[in-house]
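Beneath this line is the structure, given in structure tokens, with notes to follow.
No value in this document is a laboratory result; all are computed from the given coordinates. The model shown is predicted, which means the values in this text are computed figures rather than measured ones. Using ideal geometry, Cβ is built from the backbone for each residue, glycine included, and neighbour counts are taken over all protein chains shown.
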Amino acid sequence: MRRPALVLVSSLCGVALAAAVLAAPADARPGPRPHFTPGAAGIGDPYFPTDGNGGYDARHYALDVRYDPATDRLTGTARIRATATQNLSRFNLDLDGLTVRSVRVDGRRASWRHRDGELTVIPARGLRKRTSFTTEVTYGGVPQTLEDGSGFIHTDDGALVVGQPHVADTWYPVNDHPSDKASYSFRVTVPKGLEAVANGVPRGHRTHKGWTTWAWEAREPMASYLTTATIGEFRLKDYRYDGIRMVEAIDPKLYVPVQPHTGDRYAISQATGDAASYKRLSRTIDVPAGGGELGFWVDRATESDWDFLFVEARTPGQDDWTTLPDLGGATSTSTGDSCPYWLGLHPFLRHYQSVDAEGACTPTGTSGTWNAATGSSDGYEQWRVDLGAWADGPVEVAITYASDDLVQARGVFVDDVTTPTGAGSTSFEDDGDTLDGWAVTGAPAGSAPNPNDWIAGTPDDGPATLGEKAEAAFTKHPQILDFLQASFGDYPFSASGGLVDAFAGLGFALENQTRPIYAQEWFGGSDETAEGVIVHELAHQWYGDSLAMERWSDIWLNEGFASYAEWLWWEDKGVATAQEIFDSTYGSHPADDPFWDVVIGDPGPENLFAGPVYDRGAMTLHQLRLAVGDDDFFAILRGWAARYEGRNVTTPQFIAYAERVSGQQLDALFDTWLFTAERPVVPGALARRAPAADLPPLVGARGQRPSHG
Ligand SMILES: [Zn+2]
């Protein structure tokens, strides 16, 4: 979730008129008349100056919204109970877009202004410090998805509501900053037949005149970005484990296997878990003198911007390899995010991609250009590539699926191939010559051999569906909760679970309180990838959710801890020790690697979710563990979670707490690891050790990889 730094807009410029009205607040009580002043339009976070607001403390949100997927419109009422922290003449809520219909404060009609994401509420009379007041906002409109694709996402059957650091103010008026946590109750009304899944414990659903209202209660205080009201068709599994109400939601569409375009069979790329792959379905084709096209139908799901489908071509026996654009526009020349990283995995790709002095990739290589498709086609699409350059001669072509070595989608299904002469046209049916001259030629020299490769078969031969894989991963919830409770202390909430919507390309998971939301892509790869991300998001329930950042600059308190929970998990499973993961992470980033330039204790808004916040954050905790020993280290983790349960925390508080528990002076350690933009010196042989060979997949493992929350 990358998001550019926000430009501070003076949001109160339009309220001069209101100020005049407010100069003399009506207050009939005896005693000295208090002086009422406006609450600030921002809560004071230097990273996002207009986020949140001053002058009050929100205690409870009662959201009652209706959403119609047919029109994308959301209408509703937000009832917000808050306590004034100053004598308030007016105060702000954050609301980005949408139209406000009315505002009442303690039942009285209030004046209001709404511009630049700030809803300024001017109550009929001043609000005295320390008194509780309730604001009721009636509003509606089409919630706008954020520029980075997160936030309130309109899906084919509803809405997927997930984002960080911004999302809440796109669908309800809110004091939108994690330092003002509140409890929530949700009533979400949707067309009958759809589910609405929010945070906390389900409180039933009722259908009336074709609309179903779903009620959810989140008693424990929650940061606003962790709220969701995700709408669509879901298979709900609702059970109790260890006193925790578990709700797991998986979109039924994720269980539907891809069918052949025609007939019973098709070519299946398969997925290779987390192993890199370079899979070619190859054939030599004769091109008539007048030219011709290769055509085929494809249903593709590759990890967006990291894994690709493309058509390679060369003159037989020559090294003039290139890739061919789809005439229908499915391909582009974008090199995505895997270049230059994957040139190390697949040196052959240097035929099509190259790296300039600044480390940027260009879609031109030693012999050809880069034309490829990534992400999901959302059903079958027809590809046509022009073979005219080989007119009156043979051309060797390959339909190629290539991946990097972390996270894969379910892969590619190809059917109904056509060639200019008809030789090699096939729909892969079981007619005695299934492949009709096409051959599975394996990865090119320099790539590791493919663990599996193209096959021709029926849907039964294909990979398990994402729904089946997500469901299998969710069966590990009890085991993972057991492990995390043993490590960090009692689970801090009354509910847990997870949600997966059929929405390709989301690309991240987020620790929504009690109900983490996972991009479907997390379940296309290995069981270990799915397991690791669940450990990460559930660990956030302690670190990030129950203990929420006071300021976004403390993001390492979330991501470092959740990442280290993964290390502890793999250590417990005997896959790799935390020390081995530390050594590998440290060893894989030489001293001049920009990895070390990010000051993770204050990374800046543009680096909130940069890889070092995760990996160096976990490394910081590992160094703390080495310094204080296991007994004190785990006492620190558990005590930190218990002492600050449900509250906001800062890095200085954590350092002070670790020093108190351990009796050690730890400033130097934290200065080195959190606040120094260089590679810390690690004594002994650690630094020289080569990266371990078989490390588990780690959520934050790859630099700027934007695939986590
Ligand atoms: Zn995270």
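Among the trypsin sites (Lys or Arg not before Pro) in segment 87-148, those placed in a DSSP loop whose Cβ has at most 15 other Cβ atoms within 10 Å are LYS129, ARG130. If only the Cβ of Lys and Arg carry +1 and only the Cβ of Asp and Glu carry -1, the dipole of segment 16-233 around its Cα centre is close to 1480 debye. A Förster radius of 30 Å combined with the Cβ-Cβ distance from ASP592 to ARG350 puts the calculated FRET efficiency at roughly 0.85.
Averaged over residues, the count of other Cβ atoms within 10 Å places the peptides 414-424, 140-150 in the sequence 414-424, 140-150, highest first. Only one residue of VAL414, HIS154, ALA509 has its Cα farthest out toward the positive end of the dipole of the chain, where Lys and Arg carry +1 and Asp and Glu -1 on Cβ, and that residue is HIS154. Take every Cα pair under 8 Å whose residues are at least 6 apart in sequence, average their separation, divide by the length of segment 266-461, and the relative contact order is 43 percent. Kirkwood radius and radius of gyration were both taken over the C-alpha atoms of segment 16-233, and their ratio Rg/Rh is 0.99.
I want the antiparallel fraction of DSSP beta bridges within segment 16-233, as a percent rounded to 5. Given both bridge residues lie in segment 16-233, the antiparallel proportion sits at roughly 90 percent.
Distance from the alpha carbon centroid of segment 115-173 to that of segment 372-426 works out to 45 angstrom. With a Förster radius of 22 Å, plug the Cβ-Cβ distance of GLU217 and LYS192 into 1/(1 + (r/R0)^6) and report the FRET value to the nearest 0.05. So, using R0 = 22 Å, E works out to roughly 0.50.
For segment 496-501, 3J(HN,Hα) computed residue by residue from phi via the Karplus equation (6.51, -1.76, 1.60; θ = phi - 60°) reads 8, x, x, 9, 10, 9 Hz, glycine and proline entered as x.
Oblate is the label for segment 266-461, because the ratio a/c of its alpha-carbon gyration tensor axes (a ≥ b ≥ c) is 1.5 or higher and a/b is not greater than b/c. A dipole drawn for the chain from +1 and -1 charges on Cβ atoms has a positive end, and of PRO38, LEU466, VAL258 the residue lying farthest that way is PRO38.
In the calculated pair-distance distribution of segment 332-376, the portion above 13 angstrom amounts to 50 percent of the Cα-Cα pairs.
Cross-link reach is defined here as a Cα-Cα straight distance under 21 Å, omitting same-chain residues fewer than 8 places apart; for LYS476 the lysines meeting it are LYS237, LYS573.
Ranked by the mean number of other Cβ atoms within 10 Å per residue, highest first, peptides 455-462, 487-494 order as 487-494, 455-462.
This model, with +1 at the C-beta of Lys and Arg and -1 at the C-beta of Asp and Glu, gives segment 266-461 a dipole about its Cα centre of some 460 debye.
A viscosity of 0.692 mPa s and a temperature of 37 °C, combined with the Kirkwood radius over Cα pairs in Stokes-Einstein, give a translational diffusion coefficient for the chain of 120 µm²/s. Computed from label points 7 Å out along Cα-Cβ, the spacing between GLU358 and ALA389 is 2.8 nm. For the chain, hydrophobic long helices are taken as DSSP H runs at least 15 Å long by C-alpha position along their axis with mean Kyte-Doolittle hydropathy of -1.0 or more; these are 477-488, 527-539, 556-572, 611-643, 651-662. Its Cα gyration tensor gives segment 192-271 an equivalent ellipsoid; the semi-axes, largest first and in whole Å, are 33, 18, 12.
With Cβ to Cβ distances under 11 Å as the rule, what net charge do the other residues near GLY442 carry (K, R +1; D, E -1)? Around GLY442, the charge tally is +1. Spin-label model, ALA668 to ARG115: label points 7 Å out along the Cα-to-beta-carbon direction sit 5.6 nm apart.
As a proxy for reagent exposure, HIS540, HIS208, HIS166, HIS261 were ordered by neighbouring Cβ count within 10 angstrom, fewest first; the result is HIS208, HIS261, HIS166, HIS540.
Computed over the Cα atoms of segment 466-688, the ratio of the radius of gyration to the Kirkwood radius (Rg/Rh) comes to 0.95. Only Cα pairs under 8 Å and 6+ residues apart enter the sum, and on that basis the relative contact order of the chain stands at 12 percent.
Once the C-beta distance of SER494 and ASP106 is scaled by a Förster radius of 35 Å, the resulting FRET efficiency is 0.70 to the nearest 0.05.
Label point of GLN382 set 7 angstrom out along Cα-Cβ; within segment 311-337, amide nitrogens under 17 Å from it belong to 326-331. Backbone amide hydrogens, once placed in the peptide plane, bring ARG647 within less than 5 Å of ALA548, excluding anything fewer than 5 places away on its chain. The order of LEU327, LEU343, LEU119, LEU93, going from fewest to most other C-beta atoms within 10 Å of their C-beta, is LEU327, LEU343, LEU119, LEU93. For segment 262-323, the percent of C-alpha pairs falling in each 5 Å distance bin, counted from 0 to the bin holding the largest distance, reads 3, 10, 20, 23, 19, 15, 7, 3, 0. When shorter helices are ignored and each DSSP H run of at least 4 residues is given -39500 (n - 2.57), the per-residue value for the chain at 222 nm works out to -5500 deg cm²/dmol.
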